[in-house]
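*Asks:* Just dropping this structure here.
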Amino acid sequence: MAMLLNVEKIEKYYGNKDNVTKVIDNISFRVDNGEFVGIMGPSGSGKTTLLNCISTIDNVTTGKIILNNKDITRLKSKSLDNFRQNELGFIFQDFNLIDTLTAYENIALALTIKGEKSFEIQGKIKLVAKYLEIEKVLDKYPYQMSGGEKQRVASARAIVTDPSLILADEPTGALDSKSSRLLLEKFVSLNKELKATILMVTHDTFTASYAHRILFIKDGRIFNELIRGKDTRKEFLNKIIEVTSLLGGDDRNVF
Ligand SMILES: Nc1ncnc2c1ncn2[C@@H]1O[C@H](COP(=O)(O)OP(=O)(O)OP(=O)(O)O)[C@@H](O)[C@H]1O
Ligand SMILES: [Mg+2]
């Protein structure tokens with residue numbers, strides 16, 4: 001598979017000269033088109049910071065991030081907007097839906113911003129809503145939906161623009177186990193059938209076991225990588241639990 005994302009020797013510092021915190025410490029990795037990659041690590045290890053640098057919400061201190069052959073750390077404001085609209089889909093832990101818009105309007109927004117016509121938008125939303133099983137909530141406002149429904153609407157919003165890369169930060173963090181399972185199964189079929197490339201941050205071993213490869217981060221560095229290969233999800237889950245418990249303590253607390 002062709003390479004989609006190349007993160008090259010990035011570092012991220014916060015603070016000023018007298019008080020510098022190194023949050024990302026020389027991280028490099030690649031993601032090929034069509035991969036489903038998980039990023040795990042303890043709280044404060046730099047997972048969200050890493051994702052925010054890739055999504056251009058935050059900027060790196062040094063290093064390069066190449067997506068589709070473009071160094072995104074060098075993009076200027078107008079091309080940044082274009083890049084975010086066309087290449088990326090975001091899924092956040094707390095859904096980030098707009099409360100005053102219905103599910104349909106929330107999903108439509110990304111397409112409206114791109115200037116798509118309303119009949120095209122309608123067609124795309126119908127398709128994605130069927131896929132994520134949210135047809136019944138399209139006219140509801142976020143407060144009228146369950147957590148699982150909100151997260152599937154947020155996922156619909158992320159994929160409706162057909163982005164090159166889907167970035168998800170703790171997508172199951174606010175969901176119960178049944179909703180988590182349903183969402184993760186949707187991610188798997190998005191990846192398999194629609195060939196979506198997914199980069200998902202999580203500290204939950206069960207959630208991580210749906211990915212095909214896991215990068216483990218500690219103190220801003222990659223310290224391990226697990227590849228699922230021919231393992232079943234359950235076998236992979238056991239390996240993930242092994243790695244997380246090697247770090248000491250109960251995996252639920254450490255990650
Ligand atoms: N804007 C900021 N200014 C200063 N320090 C920051 C900033 N954002 C994050 N940090 C620090 O960087 C470190 C990594 O934070 P980050 O949010 O990336 O962790 P995380 O791995 O996502 O943790 P969690 O699992 O709790 O979400 C933390 O120590 C945090 O306090
Ligand atoms: Mg985080």
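The values are calculated or read from the model by the stated rules, or taken from the named source; none is laboratory data. Just so it is clear, the structure is predicted and the values come from calculations on it, not from any experiment. Cβ placement follows ideal geometry from the backbone for every residue including glycine, while neighbour counts extend to all protein chains displayed.
*Asks:* Could you grab the pairs with beta carbons closer than 6 Å, sequence gap of 6+ or different chains, first residue in region 88-115 and more than 21 Å from Asp169 (Cβ to Cβ), second one at pLDDT 95 or above and assigned to a loop (DSSP other than H, G, I, E, B)?
*Replies:* Note: pairs meeting the criteria are Thr102/Asp139; Thr102/Tyr141; Tyr104/Leu138.
*Asks:* If you take the residues of region 33-69 that are free of Cβ contacts under 8 Å to residues at least 60 places away in the same chain and assigned to a strand (DSSP E or B), which of them is surrounded by the fewest Cβ atoms within 10 Å (Cβ to Cβ)?
*Replies:* For region 33-69, the residue satisfying everything is Thr62.
*Asks:* Determine if region 59-66 includes at least one residue that is under 9 Å from Ile10 (Cβ atoms) and either among the basic types (Lys, Arg) or in contact with a His (Cβ under 8 Å, 6 or more places away or on another chain) (or both).
*Replies:* Step one: of region 59-66, the residues under 9 Å from Ile10 (Cβ atoms) are 60-65.
Checking which are either among the basic types (Lys, Arg) or in contact with a His (Cβ under 8 Å, 6 or more places away or on another chain) (or both) leaves us with 64.
Checking region 59-66: at least one residue is under 9 Å from Ile10 (Cβ atoms) and either among the basic types (Lys, Arg) or in contact with a His (Cβ under 8 Å, 6 or more places away or on another chain) (or both).
*Asks:* Kindly evaluate Tyr141 against the criterion of being at pLDDT 95 or above, touching a Leu at 6+ places or on another chain (Cβ under 8 Å), closer than 24 Å to Asp81 by Cβ and not hydrophobic (A, V, I, L, M, F, W, C). Working first, answer last.
*Replies:* On the way: at pLDDT 95 or above: yes; touching a Leu at 6+ places or on another chain (Cβ under 8 Å): yes; closer than 24 Å to Asp81 by Cβ: no; not hydrophobic (A, V, I, L, M, F, W, C): yes.
It is false that Tyr141 is at pLDDT 95 or above, touching a Leu at 6+ places or on another chain (Cβ under 8 Å), closer than 24 Å to Asp81 by Cβ and not hydrophobic (A, V, I, L, M, F, W, C).
*Asks:* Which pairs do you get when a residue that is on the phi > 0 side of the Ramachandran plot, found in region 162-187, comes within reach of a residue that is of a type outside the set (A, V, I, L, M) and part of a loop (DSSP other than H, G, I, E, B), reach meaning Cβ atoms under 7 angstrom, with the pair 6+ apart or on two chains?
*Replies:* Short answer, once both residue conditions are applied: Glu170/Gln93; Glu170/Thr202.
*Asks:* For region 20-36, give me the residue count where each residue is within 16 Å of ligand 1 (Cβ to nearest atom) and on the phi < 0 side of the Ramachandran plot.
*Replies:* 8
*Asks:* Please tell me if Lys17 is surrounded by fewer than 16 Cβ atoms within 10 Å (Cβ to Cβ), basic (Lys, Arg) and either on the phi > 0 side of the Ramachandran plot or touching a helix residue (DSSP H, G or I) at 6+ places or on another chain (Cβ under 8 Å) (or both). Reasoning before the result, please.
*Replies:* On the way: surrounded by fewer than 16 Cβ atoms within 10 Å (Cβ to Cβ): yes; basic (Lys, Arg): yes; either on the phi > 0 side of the Ramachandran plot or touching a helix residue (DSSP H, G or I) at 6+ places or on another chain (Cβ under 8 Å) (or both): no.
Considered against the rule, which asks whether it is surrounded by fewer than 16 Cβ atoms within 10 Å (Cβ to Cβ), basic (Lys, Arg) and either on the phi > 0 side of the Ramachandran plot or touching a helix residue (DSSP H, G or I) at 6+ places or on another chain (Cβ under 8 Å) (or both), Lys17 comes out as no.
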